[in-house]
Structures are given as structure tokens and as C-alpha cells.
1. Could you grab me the full set of residues in region 18-36 that are surrounded by fewer than 17 Cβ atoms within 10 Å (Cβ to Cβ) and either more than 23 Å from R181 (Cβ to Cβ) or of a type in the set (D, E) (or both)?
2. Quick test for you: out of A75, A81, pick the one residue that is touching a Gly at 6+ places or on another chain (Cβ under 6 Å), more than 9 Å from the ligand (Cβ to nearest atom) and of a type in the set (G, A, S).
3. I'm checking my understanding of the structure. Among residues of region 195-240 that are free of Cβ contacts under 8 Å to residues at least 12 places away in the same chain and not hydrophobic (A, V, I, L, M, F, W, C), which one is surrounded by the most Cβ atoms within 10 Å (Cβ to Cβ)?
4. Name the one entry in G76, G64 that is in a loop (DSSP other than H, G, I, E, B), closer than 17 Å to D176 by Cβ, of a type outside the set (S, T, Y) and modelled with pLDDT of 95 or more.
5. Give region 1-13 a look and list any residue that's part of a strand (DSSP E or B) and surrounded by fewer than 20 Cβ atoms within 10 Å (Cβ to Cβ), or say none.
6. Filter region 80-120 for residues that are touching an Asp or Glu at 6+ places or on another chain (Cβ under 8 Å) and among the basic types (K, R); which is nearest to Q152 (Cα to Cα)?
7. If you check every pair at least six apart or on different chains, which have Cβ atoms under 6 Å apart with a residue in region 61-87 that is touching a residue at least 12 places away in the same chain (Cβ under 8 Å) and more than 23 Å from S142 (Cβ to Cβ) first and a residue that is within 16 Å of the ligand (Cβ to nearest atom) and part of a loop (DSSP other than H, G, I, E, B) second?
8. Six or more apart or on different chains, Cβ atoms under 8 Å: show the pairs whose first residue is in region 94-112 and charged (D, E, K, R) and whose second is within 10 Å of the ligand (Cβ to nearest atom).
Amino acid sequence: MAVVTGASAGIGEAIARRLAKEGFRLLLGARREDRIRNLAEELGAEARVLDVSDRASVTAFCQGVEEAQVLVNNAGGARGADLVVEADPERWRWMWEVNVLGLVQMTRALMPALERSGRGHIVNISSTAGIEVYEGGGGYTSVKHAVHAISQTLRLELAGRPIRVTEVMPGMVKTDFALNRYQGDQEKADGVYKGVTPLTAEDVADVVAFAVTRPPHVDLDQIVMRPVQQASAYKVVRRS
Ligand code: NDP
């Protein structure tokens with residue numbers, strides 16, 4: 001079985017669709033129940049409501065999962081683009097609770113099931129924001145740097161056990177990410193992708209599918225992927 005968090009939209013939804021094609025049985029989680037239920041019905045999967053930032057919700061979600069070969073920690077995102085000295089604590093708290101503590105809680109809760117599978121695989125969707133910084137990105141880059149550190153630490157701590165840890169670090173991907181970051185401001189969100197051919201959610205799903213279908217002795221540690229026009233977070237060559 002493969003468990004995908006944040007499967008109700010964007011990258012998580014694309015990963016769910018792709019892993020279903022690869023023949024995985026799926027357990028999908030997100031807060032928007034109607035969306036995951038519809039997707040699960042379409043894919044012949046199971047869906048359960050999940051708020052990764054809520055411990056009780058994580059426990060209820062993982063209840064009865066005896067074995068899981070794959071856990072994709074995808075739920076996350078950015079809120080705002082505050083300068084550090086103007087940081088809105090509530091937005092920063094949301095980013096830490098979902099991207100970091102949510103990932104840790106899910107990993108912890110599913111560890112026995114991953115181990116029982118005999119060939120577990122944790123895939124953390126972090127970001128190029130996990131290895132780069134930019135002005136206004138202090139909140140988001142700090143949480144994704146934390147995911148980067150946690151992924152490397154986990155790999156060390158799990159060495160010798162049959163569990164792989166892959167960190168996928170995408171640059172710009174066209175999803176609702178920017179719209180959510182800028183609280184529904186469509187114009188601002190469109191500006192992020194202006195003049196660029198961004199990655200698609202399916203491009204990321206493709207890479208995840210490749211990683212989880214390698215033979216069990218092969219661990220793809222870190223995969224950085226970007227649109228060709230984006231050399232770094234602050235060097236994007238846009239078409240005029
Ligand atoms: P979307 O905003 O389209 O999707 C975010 C997903 O996370 C939704 O399914 C949402 O579901 C889920 N989610 C948010 N909060 C919670 C929560 N508390 N509990 C459970 N699920 C939650 O963005 P993306 O698909 O682009 O983002 C997916 C991941 O990829 C994120 O971790 C993001 O940081 C990362 N990423 C995105 C990039 C991009 O450019 N788009 C680039 C690099 C990384 P619901 O609201 O139903 O709970």
C-alpha cells in the first residue's frame with residue numbers, strides 16, 4: 001500500500017493517480033473530504049480525512065494500517081511572503097505545523113507499518129526552497145530547510161533497516177500553491193508563472209514513481225528538479 005498526504009489537489013493528486021497506474025493500493029488523506037472521496041472512488045482507493053497538523057487526526061488516519069510500503073509526505077505549502085522582520089506568526093506557525101511537524105507526525109505514526117512491509121519507502125516532497133533562500137521566503141524556506149535536514153537525519157537513523165528515504169525538491173510547479181500562498185489573489189499567483197513554462201504536478205509524480213519503483217536496495221536520496229527557465233529561486237528567465 002502507498003499512503004499519500006495532501007492528495008486532494010496538485011502534486012499529491014498527481015502522485016496518487018500515477019501510483020494507482022503503477023499498481024499500488026492507495027490510502028489518500030487531506031482535509032477536503034469531498035475531493036479525496038471522489039478521487040478515491042475514481043482510482044479504487046481508500047480515502048480518509050486527514051489534518052497532518054492535528055495529532056488526533058493523524059492517529060485516526062493511521063489506525064488499522066498494518067503495512068505500508070510507501071509514505072509520500074506531500075501535504076504542505078506556503079503562506080505569504082513576509083520579510084523576516086515583518087513575519088506574521090500565525091502564517092509561520094501554519095507552515096511549521098503542516099510542512100514540518102505534520103511530516104514528522106505522519107512518519108512516526110506509520111513507521112511500524114513501513115517496517116512491517118519489509119521494504120518501506122518514505123518520500124518527502126520538500127522543495128528547492130529546502131536548499132536555497134530568497135527575500136520574502138524566510139518562512140517557507142526555513143520549513144523546507146527543516147524538511148531537508150529531517151530527511152537526511154532520518155536516513156542516518158534508519159540505516160540498517162529496510163526503509164528508504166527520498167527527498168524530492170521541485171522548483172516552480174503549476175498548482176494552486178501560489179494561489180494559496182497569496183490568499184486567493186489570482187493576479188499575484190498568475191504573476192509567479194508569467195512567461196515561464198513551469199513543471200507540472202505530473203512531472204513531479206513521474207519522478208516519485210521512478211524512485212519508488214527502483215529495486216529495494218537502491219535509495220535515491222535527493223532529487224532536485226526545476227523548469228529549464230528557472231536556474232534558481234531568484235534567477236528566472238521569463239519570456240516577454
Ligand atoms: P496545493 O496547494 O495545490 O496542494 C496542497 C495539498 O496539501 C492539498 O492537497 C491540501 O489538501 C494539502 N494540505 C494542506 N494542509 C494540509 C493539512 N493540514 N493536512 C493535510 N493535508 C493538507 O500545492 P502543491 O500541490 O503545489 O503542494 C504540494 C507539496 O509540494 C507541498 O508540500 C509544497 O510545499 C510542495 N512544493 C510545491 C511547489 C510548487 O511550486 N507548487 C514546489 C516545490 C514544492 P487540503 O486543503 O484538502 O487539506
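1. K21, E22, G23, R25, E33, D34
2. Checking each option against the conditions leaves just A81.
3. Here the residue is R214.
4. Sole residue among the options that is in a loop (DSSP other than H, G, I, E, B), closer than 17 Å to D176 by Cβ, of a type outside the set (S, T, Y) and modelled with pLDDT of 95 or more: G76.
5. none
6. Applying the filter and picking the extreme gives R116.
7. Filtered contacts from region 61-87: F61/L50.
8. Taking only residues 6 or more apart or on different chains, the pairs are E97/S53.
The values are calculated or read from the model by the stated rules, or taken from the named source; none is laboratory data. These numbers were taken from a predicted model, which means no experiment stands behind them. Every residue, glycine as well, gets a Cβ built from its backbone with ideal geometry; the counts of neighbours run over all protein chains shown.
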